[in-house]
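The values are calculated or read from the model by the stated rules, or taken from the named source; none is laboratory data. This is a predicted model, so every value here is computed, not measured. Note that we place each Cβ from the backbone using ideal geometry, even for glycine, and neighbour counts take in every protein chain shown.
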Amino acid sequence: MIRWLERNGYNISYLSSVDADRIGTELLEHKVVMSVGHDEYWSAGERTAFEAARDAGRNLAFFSGNEVYWKTRWEDNHRTLVSYKEGDAQGSNEHWDCFGNFNCDPDSTVWTGLWRQNQTGHDGGQPENSLTGQISWADETTAIEVPATATGLRFWRNTGMSAATTLTADTLGYEFDWEQPAFASSNPPGRITFRTPRRQARRTK
């Protein structure tokens with residue numbers, strides 16, 4: 001993404017997750033804010049900054065999967081990223097020793113676990129799709145089928161894609177986002193689906 005943007009002469013600047021937490025108002029200086037890469041670990045400060053940018057009319061674009069997944073906090077003057085992965089909204093292999101435990105973290109002031117974890121006593125309960133429009137988790141790779149209703153969208157326009165075109169297996173990488181009915185109520189208004197995972201062709205890792 002960086003190479004393509006630079007090569008095509010876009011006027012861009014760069015901000016890290018640390019910067020978004022520390023000086024999140026910098027997001028307001030831009031028309032478009034892009035999250036690129038495996039942007040999985042988000043502090044409350046970073047998420048607040050992105051939500052403020054969205055509410056101020058800035059365009060947000062998320063070019064990854066599994067983003068805004070684990071809630072974190074910064075320590076040691078923003079040199080240490082902490083997440084105890086407390087809770088039970090994901091499998092025990094994800095939470096390790098803190099699975100089903102809401103008292104694993106010795107610092108009880110800033111809870112760290114899944115953003116979607118709905119449990120009283122902490123500031124989770126904010127599924128990632130309420131910000132990004134999409135939600136994890138799929139621990140596999142698979143193909144993409146282009147829905148008939150999507151071929152006219154700007155994303156696919158002039159690509160030669162016809163209705164029901166299926167791209168090759170493994171087009172979608174490991175931990176891609178997919179529809180989860182349990183969190184459908186958190187989807188933002190005006191959301192458009194422009195592709196469908198062809199899950200029967202999946203390959204689990």
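For segment 108-136, filtering for residues that are within 15 Å of W42 (Cβ to Cβ) and touching a residue at least 60 places away in the same chain (Cβ under 8 Å) leaves 10.
What pairs come out if I take residues in segment 148-159 that are modelled with pLDDT of 80 or more and pair them with residues that are part of a loop (DSSP other than H, G, I, E, B) and surrounded by 10 or more Cβ atoms within 10 Å (Cβ to Cβ) whose C-beta lies under 7 Å away, six or more apart or interchain? Qualifying pairs under 7 Å: none.
Selection of first residues in segment 51-68 that are assigned by TED's automatic domain parsing to the domain that holds P189 and within 15 Å of P127 (Cα to Cα) and of second residues that are modelled with pLDDT under 95 and assigned to a strand (DSSP E or B), restricted to Cβ pairs under 6 Å at least 6 apart or on distinct chains, gives an empty result.
Test S64 against the criterion of being modelled with pLDDT under 95 and hydroxyl-bearing (S, T, Y), and give yes or no. Spelling it out, S64 is indeed modelled with pLDDT under 95 and hydroxyl-bearing (S, T, Y).
When restricted to residues that are among the hydroxyl-bearing types (S, T, Y) and part of a strand (DSSP E or B), segment 56-85 contains 2. Within segment 167-195, residues that are surrounded by 13 or more Cβ atoms within 10 Å (Cβ to Cβ) sit with their Cβ atoms under 6 Å from residues that are modelled with pLDDT of 85 or more and of a type in the set (A, V, I, L, M), at 6+ positions apart or across chains, in these pairs: D177/I135; Q180/I135; F183/I135.
A quick yes/no check of all residues on (1) surrounded by 14 or more Cβ atoms within 10 Å (Cβ to Cβ); (2) at pLDDT 85 or above; (3) not charged (D, E, K, R):
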site: F99; (1), (2), (3): yes, no, yes
site: N103; (1), (2), (3): no, no, yes
site: L114; (1), (2), (3): yes, yes, yes
site: Q117; (1), (2), (3): yes, yes, yes
site: T120; (1), (2), (3): no, no, yes
site: G124; (1), (2), (3): yes, no, yes
site: E128; (1), (2), (3): yes, yes, no
site: G133; (1), (2), (3): yes, yes, yes
site: W137; (1), (2), (3): yes, no, yes
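Beta carbons closer than 6 Å, at least 6 apart along the sequence or on distinct chains, pair a first residue in segment 28-44 that is closer than 16 Å to S136 by Cα with a second that is among the small types (G, A, S) for G37/S64; H38/S64; D39/S64. Residues of segment 15-55 that are assigned to a strand (DSSP E or B) and aliphatic (A, V, I, L, M): V32, V33, M34, V36.
Scanning segment 8-28 turns up no residue that is at pLDDT below 90, closer than 30 Å to P189 by Cβ, crowded, with 19+ Cβ neighbours inside 10 Å and not polar (S, T, N, Q). The number of residues in segment 17-27 that are closer than 17 Å to R58 by Cα and touching a residue at least 24 places away in the same chain (Cβ under 8 Å) comes to 4. Of all the listed residues (S43, S92), the sole one being at pLDDT below 90 and farther than 21 Å from F176 by Cβ is S92.
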